[in-house]
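The values are calculated or read from the model by the stated rules, or taken from the named source; none is laboratory data. Fair warning: this is a prediction, and the values are worked out from it, not measured in the lab. So basically every Cβ, Gly included, is an ideal-geometry build from the backbone, and we count neighbours across all protein chains shown. The area values use the complete protein model at the heavy-atom level, side chains included, leaving out ligands, DNA and RNA. Shrake-Rupley method; radii C 1.70, N 1.55, O 1.52, S 1.80 Å.
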Amino acid sequence: DLSLAYTPGVAQPCLEIQKDINKSYELTRRWNLCLVVTDGSAILGLGNIGPEAGMPVMEGKCALFKAFGDVDAFPLCIKSNDVDEIVNTIYLISGSFGGINLEDISAPRCFEIEKKLKEKCDIPVFHDDQHGTAIVVAAGIGDVILVDRNGILAPGEEWMNPAQKEMAEITNKERLHGDLKTAMKGRDIFVGVSAPNIVTSEMVSTMADDAIVFAMANPTPEIMPDEAKKGGAKVVATGRSDFPNQINNVLVFPGVFRGAFDVRASDINEEMKIAAAKAIAELISDEELSEDNIIPKAFDKRVGPAVAKAVAEAARKTGVAR
């Protein structure tokens, strides 16, 4: 066994991979191995607590990858907040992995890190806090108004970072200026990925009739479900498991990487993300759909395989499957 697993037997796969680097997917565990990586700058709702303190979250994420998608995952924390240092570190070790899951990196650096890694790497790069969340909450929306702690994103606001300036050009069609209270008036849907207790039932009462409220700050939402209902909300979702309609990224990332790995995708593109969102939505039939049952539960065994199948099909259709 030792001579097969180590010397001299191990030389054989080494030489095969030297001749054809793609054999690294067949002859090592790379085909099913995902890197889960952070710099510790935006850990859960705890903020910039440092790479070592972020490690339990990365380890937990790896456990979820295995349990929900049978994806092997390896946690890594980088001792730097410099965009280029982080990109270079991840790129230099990317040959060990089949995909990269960026986790808990503060904005706007996370956007830049993802963009640069996608350009450099020939394996899928996915920022779960950004795209995982987007996939779970995706719906048909005509106009979006984005609000930062400084106010509504609108062209000309001097406090905006480059990512926000870009978003301001394609959102907020009415060019509203002001705060969250202004933004919520007359709206159909509120999607919160921000801070605890920043929305009141009075603010919800100014929204459109039968409004939808996704209050996903963890562990304390922007508004508690009973308060949102008091303000007239018809459907309320949070990130918590002790309330109905838990919006949880665990519905997304295991299946997304499972599907990407199954077809050895070179990228996780927009079409694959949309396919994942539709696959999750379609698991709730019209008969099952109710105010308190708009999305499958985290432990619904249908979710992972359904998402993986949809993602793999979209990868083939868009030419990124290898």
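Rolling a 1.4 Å probe over the protein heavy atoms gives the chain an accessible area of 51 Å² per residue. Structural size metrics of the range 84-155, computed from C-alpha coordinates, are Rg and Dmax of 14.8, 43 Å. Here the chain is assigned +1 on the Cβ of each Lys and Arg and -1 on the Cβ of each Asp and Glu. Its dipole about the Cα centre then comes out at about 620 debye.
Our summary of shape: the Cα atoms of the range 237-322 have principal axis extents of 41, 24, 20 Å, ordered from largest down, in whole angstrom. Note on the chain: dipole from Cβ charges, positive end direction compared against 275, 97, 296; the farthest Cα belongs to 97.
Tally up the carbon and sulfur contribution to the accessible surface of the chain as a whole percent, 1.4 Å probe, everything protein left in place. Roughly 55 percent of what the probe reaches on the chain is carbon or sulfur. Only alpha carbons enter this Debye calculation for the range 257-297, each as an equal point scatterer, and the log10 of I(q)/I(0) it gives at q = 0.19, 0.28, 0.29, 0.30 Å⁻¹ is -0.64, -0.92, -0.96, -1.00. Structure note, pairs 234/278; 115/165; 234/301; 19/61: Cα-Cα distances above 25 angstrom occur for 234/301; 19/61.
Positive end of the dipole of the chain (Cβ unit charges, origin at the Cα centre): among 8, 125, 183, the Cα lying farthest that way belongs to 8.
Hey, what did the range 34-172 get for relative contact order, percent, Cα under 8 Å, at least 6 apart?
22 percent
Quick one: Debye curve from the C-alpha atoms of the range 1-116, no solvent, what's log10 I(q)/I(0) at q = 0.23 Å⁻¹? Each listed q corresponds, in turn, to -1.21. The Rg/Rh ratio for the range 172-255 is 1.00, where Rg is the radius of gyration of the alpha carbons and Rh is the Kirkwood radius. With helices as the sole contributors, the chain gives -11000 deg cm²/dmol at 222 nm; each DSSP H run of n ≥ 4 counts as -39500 (n - 2.57), and the sum is divided by every residue.
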